[in-house]
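Before any comments, here is the structure.
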Amino acid sequence: MKQAKAAAKSATDTKSNPKQNLEVDTTQATVGNRFCENPKMSMRDVNVFYGDKQAIYDVSVDIAKNEVIAMIGPSGCGKSTFLRSLNRMNDTVDGCKVEGEVLLDGHNIYQQNLDVVELRARVGMVFQKPNPFPKSIFENIAYGPKIHGLADSRVDLDEIVEGSLKKAGLWEEVKERLHQPGTGLSGGQQQRLCIARAIAVSPEVILMDEPCSALDPIATARIEELIEELSQNFTIAIVTHSMQQAARVSHRTAYFHLGKLIEVNPTEQVFTMPEHQLTEAYITGRFG
Amino acid sequence: MESSNLFLLMLALGACAFYIGRGRSLAIASPLGGVRHLHSLPNYYGLNALLWCALPSMGLLILWLVLDEPVINSIVMGALPAELVPSTKADFNLLLNKISNLADGIMSADGQPAFMVAAAESMAGLRVISQWVLTAICLILATIGLYWGWRRVAAEYRARQSVERVMENLLLACACLAIFTTVGIVFSVLFESIQFFRSVPFFDFVFGSDWSPQTAIREDQVGSSGSFGAVPLFVGTLLISAVAMFVAVPIGLMSAIYLAEYSSKSVRTYAKPALEVLAGVPTVVYGFFAALTVAPFLRDLGADFGLTISSESALAAGLVMGVMIIPFISSLADDVITAVPQAMRDGSLAMGATHSETVRKVVIPAALPGIVAGIMLAISRAIGETMIVVMAAGLAAKLTANPLESVTTVTVQIVTLLTGDQEFDSPKTLAAFALGLMLFTVTLLLNIFALHIVKKYREQYE
C-alpha cells in the first residue's frame with residue numbers, strides 16, 4: 001500500500017520534471033549487494049515518518065565492519081534522516097517515528113529499555129556544520145570521556161585527548177593552545193576537532209552527515225584523508241552531496257531516491273556501471 | 001492666537017505643503033514621461049516641503065514658549081522702582097507670583113498696592129503682544145518654508161537624501177533627549193546632595209552606622225539631634241535583596257530551563273504567559289500580600305519552632321520580592337537558553353550525554369552571559385524596589401545581618417523623609433537626595449559590573 005503510494009508519487013514527480021523523463025519502476029526492491037556476512041550494523045525494513053509524512057521507505061541494508069559506506073542522492077531524498085536513525089538522533093525531533101529494525105552487532109537499537117546513552121557512545125556522529133562546544137579545545141575532547149567515566153585520572157584524560165587529536169590529525173596544530181576556545185579554530189580545524197571529539201569515546205561506528213559541506217577544498221581533502229585512516233579502526237557511514245567525495249573515500253555507495261534505497265554496490269561499480277537507471281541518471285548529472 | 005491653536009495651524013500648513021510639493025513634482029514629472037524621470041518619489045518631494053514648512057516654525061514655537069515667560073518677568077520686575085524690589089530670593093519670587101496671579105485674573109486687584117496692579121497690567125499687555133508676535137512670526141516662517149520647499153521641487157533635486165538627513169537628525173534628537181533627561185535628573189539630585197553634605201560630612205554619611213534622621217522642627221525641641229549614617233540602610237537593602245535573589249535565582253533559572261528544554265509545546269504555551277503574569281502584579285499588591293499574609297505566617301511559623309521572627313521582617317519582604325523578580329529572571333534566561341543553537345545540543349547528545357548533562361555542561365555555559373545579565377538586572381530591580389519594603393520591611397534602621405529582624409532600606413527611608421513635614425532645605429529632606437544619589441551610584445556600578453561580566457564571557461564563548 002505504502003509502496004504503491006510512493007510509486008505513484010515518484011511517477012508524478014518524474015513526469016513533472018522534463019530532465020527526469022525516465023521510464024523507471026521505483027517500486028522494485030533495492031538492486032545490488034545489500035547484505036554482507038557478520039555486518040556491524042544491519043537495517044531491515046526501516047521506515048521513518050515525520051508526523052504523517054513518510055521520509056524513508058522500507059530500507060534494508062548492511063554495513064560491514066571497518067567499511068566506509070557513502071550515501072548519496074538528491075536533496076530531500078532522506079539520506080540524512082536515515083543516517084540520524086542509526087544512532088537515534090531522530091529521537092530529539094518532534095513527531096519523528098521509526099519502524100523496522102536497526103541492529104548493532106545483532107541487537108536492535110530501537111528495542112524498549114535500550115540505553116540511548118550507551119548506544120550513542122558506540123555510534124558517534126559528526127555533523128554538517130562544525131559544532132564545537134563553547135569550551136576550550138581540551139574540554140571539547142574531554143567532554144565525552146568525562147561523562148562516560150573513561151578516564152580515572154588526569155593523566156588518563158590527557159592521554160585520551162592527545163590520542164584523539166593525533167588520530168584526527170589536529171595535534172600538531174593545537175598542542176600549544178589546548179586551553180584556548182575551540183571556537184577560535186578555522187572551519188576545517190573545527191570539523192577535525194569534532195571528529196576528534198567523536199573518537200575520544202572510542203565508538204565503533206562513526207556517522208558523518210555531510211562533514212565537508214561547510215569547508216573549503218583543502219580542508220575537505222584533509223578530512224577525506226582522515227576518513228581513510230579512520231576506516232582502519234572504525235566503521236564509517238558518510239552522507240555526502242559530492243559524488244567525487246563518495247568515489248574518493250567510500251568502499252560501497254548507497255544511492256537514495258525519494259526516501260527509497262535504489263542501489264547499493266561497491267563504489268567503483270556504482271560510478272562506472274551502475275545497475276539501476278536512476279543511479280545512472282543521477283551520477284551522469286541528468287538530475288539532482 | 002493660543003499656542004495650541006497655532007500648533008494645529010502649523011500642522012495643517014505642513015499637510016498643505018506636503019500636497020503642494022507632491023503635486024508640483026507630479027506636474028514636473030508628467031511632461032518628462034512619468035515619475036521615473038524624477039530623482040525621488042513624489043512623496044519625498046512632499047515630505048521635503050512639509051519639513052521645510054513645519055520644522056523651523058515648530059522649533060521657533062517651542063523656543064518661544066520656553067523663553068517668553070522669563071523674559072516678560074524680567075522686563076516687568078526690572079520696571080519696578082528699585083526700593084520696591086525685595087532683596088531676598090524668596091520674597092522676590094512671592095512678589096512675582098502675586099503679580100502674575102493678578103495678571104491672570106486669579107487674584108482680585110482690590111486692596112492691592114497700586115504698583116503691583118500697574119505691574120500686572122503691563123505684564124498682561126506684554127503677554128498679549130508676545131502671543132501676537134509669535135503667531136505672526138510663526139506664520140511667516142511657515143509660509144516662507146512652504147514656498148521654499150515648493151520652489152526646490154525639480155527633477156534633479158535629491159529630495160530623498162535631504163529627507164533622510166532630516167530623519168536621521170530627528171532620531172538623534174530623540175536619543176539626545178533621553179540622555180539629557182537622565183543627566184538632568186542626576187545633576188538635580190547631585191546639587192541637592194551637595195547641599196546636604198554641607199550640613200552632614202560626607203564620610204559620616206557614607207560610613208556612619210547610626211541612622212536617625214529626626215531633626216528639630218522647633219529650636220527648643222529635645223532629643224532630635226539627627227544622625228545620618230547610611231550604612232544600616234544599605235545593609236538592610238542588601239539583606240532584603242539577598243533574600244530575594246536566594247528565592248528568585250534558583251526558581252527563575254530552573255523554571256526557565258524547564259520551559260526552554262523539557263516542557264512540551266502545549267505546556268510552554270500556557271506556562272510561560274502564566275509565569276509572566278507575575279511581572280504584571282502591581283508591587284503594591286505584593287506589598288500588602290507580604291505585610292498581611294506572609295509576615296504573620298512567618299511569625300507564627302517561627303513561634304512554633306521557638307524562633308522570634310519580627311512581624312515586619314527582612315525575610316518576609318525578601319521572599320515576596322523574590323517572587324516578584326522570578327519572571328524577570330525566568331523570562332530573560334528562557335530567551336537566551338532558547339537562543340543556544342540546536343547544533344550544540346545535538347553535538348552533546350551525539351556524544352552520549354543525557355539531556356540533563358547537555359543542559360548543565362553545554363547549554364547553560366553557552367547561555368551564561370545572558371543569564372548573568374538577567375540576574376544583574378534583577379538585582380538592580382530588587383535594590384530599587386520600594387513598595388514591598390515600605391509595607392513589609394519596617395522603619396527601624398537596625399544594623400543586622402539577621403533576616404528574621406526588621407530592617408529598613410534606602411528606598412523606604414527616601415519615602416519617609418520626603419513625606420515628612422520638614423522644611424525643604426532641612427538636612428532631613430535633603431538626605432533623601434543623598435540617599436538617592438548613592439542608590440543610583442550603586443545600581444550604576446552593578447550595571448557596569450554586569451556589562452563587564454557579559455563582555456568577558458562573550459569573548460570566551462563566541
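The values are calculated or read from the model by the stated rules, or taken from the named source; none is laboratory data. Just so it is clear, the structure is predicted and the values come from calculations on it, not from any experiment. Heads up, the Cβs are rebuilt from the backbone with ideal geometry, glycines too, and the neighbour counts pull from every protein chain shown. Each accessible area value is taken on the protein alone, full model and side chains, heavy atoms only, with ligands, DNA and RNA left out. Shrake-Rupley method; radii C 1.70, N 1.55, O 1.52, S 1.80 Å.
Write down the percent of antiparallel bridges among all DSSP beta bridges whose residues are both part of the protein assembly as shown, to the nearest 5. Don't skip to the answer; put the middle values down first.
Values: 27 of 47 bridges.
Rounded to the nearest five, the antiparallel share is 55 percent.
Whole Å is fine, so just give me how far the alpha carbon centre of the stretch B:87-145 lies from that of the stretch B:280-295. Computed from Cα coordinates, the inter-centre distance equals 50 Å.
Within straight-line reach of residue A:260, meaning a Cα separation under 13 Å, sit the following aspartates and glutamates at least 8 residues removed in sequence or on another chain: A:25, A:45, A:58. Computed from Cα positions, the angle between helix A:137-147 and the longest principal axis of chain A comes to roughly 80 degrees. Scanning chain B for helices, which whole DSSP H stretches are 18 Å or more long along the axis (Cα) and average -1.0 or more by Kyte-Doolittle? Span-like helices, by this rule, are B:3-32, B:42-79, B:89-104, B:114-151, B:159-199, B:231-257, B:265-280, B:314-339, B:364-384, B:427-461. Among the lysines of the stretch B:227-461, pairs that are 8 or more positions apart or on different chains and have alpha carbons within less than 25 Å of each other number 5. Within the accessible surface of chain B, defined with a 1.4 Å probe on protein heavy atoms only, the carbon and sulfur portion equals 68 percent.
What pairs in A:53/A:129; A:146/A:166; A:40/A:135; A:65/A:167 have C-alpha atoms more than 23 Å from each other?
Details: A:53/A:129 26 Å; A:146/A:166 19 Å; A:40/A:135 33 Å; A:65/A:167 19 Å.
Distance filter (> 23 Å) returns A:53/A:129; A:40/A:135.
Probe of 1.4 angstrom, ligands and nucleic acids ignored: what's the accessible area per residue over the protein assembly as shown, in square angstrom? Before the final figure, lay out the partial values.
Values: 37190 Å² over 750 residues.
Normalised by residue count, the accessible surface of the protein assembly as shown is 50 Å².
Note on residue A:173 and residue B:8: the model spin-label points, each 7 Å out from Cα along the C-beta direction, lie 7.3 nm apart.
Counting only heavy atoms of the protein chains and using a 1.4 Å probe, residue B:108 has close to 70 Å² of accessible surface. Residues of the stretch B:168-207 falling in the label zone of residue B:227, defined by backbone nitrogen less than 20 Å from a point 7 Å along Cα to beta-carbon, are B:197-207. Each of residue A:29 and residue B:443 was given a label point 7 Å from its Cα along the Cα-to-Cβ line. The distance between the two points is 7.5 nm. Distance between the modelled labels on residue A:75 and residue B:297, one decimal in nanometres: 5.7 nm (7 Å Cα→Cβ projection). For the pair residue B:254 and residue B:190, what calculated FRET efficiency results from E = 1/(1 + (r/R0)^6), where r is the Cβ-Cβ distance and R0 = 45 Å, to the nearest 0.05? The calculated FRET efficiency here is 0.60. Accessible-area loss of 50 Å² or more (1.4 Å probe, protein heavy atoms, chain alone versus all protein chains) is found in the stretch B:337-377 for B:344, B:346, B:349, B:350, B:351, B:352, B:361.
When nucleic acids and ligands are ignored and a 1.4 Å probe is applied, residue B:127 ends up with an accessible area of around 70 Å². Ordering B:324, B:105, B:150 by the projection of their Cα atoms onto the charge dipole of chain B, which places +1 on the Cβ of Lys and Arg and -1 on the Cβ of Asp and Glu, puts B:150 at the extreme positive end.
Backbone amide hydrogens, once placed in the peptide plane, bring residue A:64 within less than 5 Å of A:40, excluding anything fewer than 5 places away on its chain. Taking Cα atoms only, the orientation of helix A:2-16 departs from the longest principal axis of chain A by about 80 degrees.
Helix A:187-199 sits at what angle to the longest principal axis of chain A, using alpha carbons and giving 0 to 90 degrees rounded to 10? Between the helix axis and the principal axis of chain A, the angle is about 90 degrees.
How much net charge surrounds residue B:236 when only other residues with a Cβ under 15 Å from its Cβ are counted (Lys, Arg +1; Asp, Glu -1)? Walk me through the numbers before you get to the answer.
Values: positive: B:398; negative: B:210, B:312, B:385, B:405.
Charge balance near residue B:236 sits at -3.
Taking other residues whose beta carbon is less than 15 angstrom from the beta carbon of residue B:291, and scoring Lys, Arg as +1 and Asp, Glu as -1, yields -2. I want the local charge near residue B:117. Using Cβ-Cβ distances under 15 Å, sum +1 for each Lys or Arg and -1 for each Asp or Glu among the other residues. Summing Lys/Arg as +1 and Asp/Glu as -1 gives -2.
Remark: accessible surface ordering of B:58, B:387, B:116 (largest first) is B:387, B:58, B:116, probe radius 1.4 Å. Within the stretch A:166-206, the residues that become at least 20 Å² less accessible when every protein chain is included than when their own chain is isolated (1.4 Å probe; DNA, RNA and ligands ignored) are A:181, A:183, A:197.
Evaluate E = 1/(1 + (r/R0)^6) for residue B:396 and residue B:276, where r is the Cβ-Cβ distance and R0 equals 30 Å; express this FRET efficiency to the nearest 0.05. If you can, show how the numbers build up before the last one.
Numbers: r = 35 Å, r/R0 = 1.18.
That pair, residue B:396 with residue B:276, gives E of 0.25.
For the stretch B:360-402 versus the stretch A:188-221, the spacing of their alpha-carbon centroids is 44 Å. Rolling a 1.4 Å probe across all protein chains gives residue B:16 an accessible area of roughly 70 Å². Extension gain for residue B:15 to residue B:67 (0.36 nm times residue separation, less C-alpha to C-alpha distance): 16.0 nm.
Measuring r between the beta carbons of residue B:355 and residue A:155 and using R0 = 30 Å, the FRET efficiency lands at 0.45. Interface between chains B and A: roughly 1800 Å² of accessible area buried, both sides summed (probe 1.4 Å, protein heavy atoms only).
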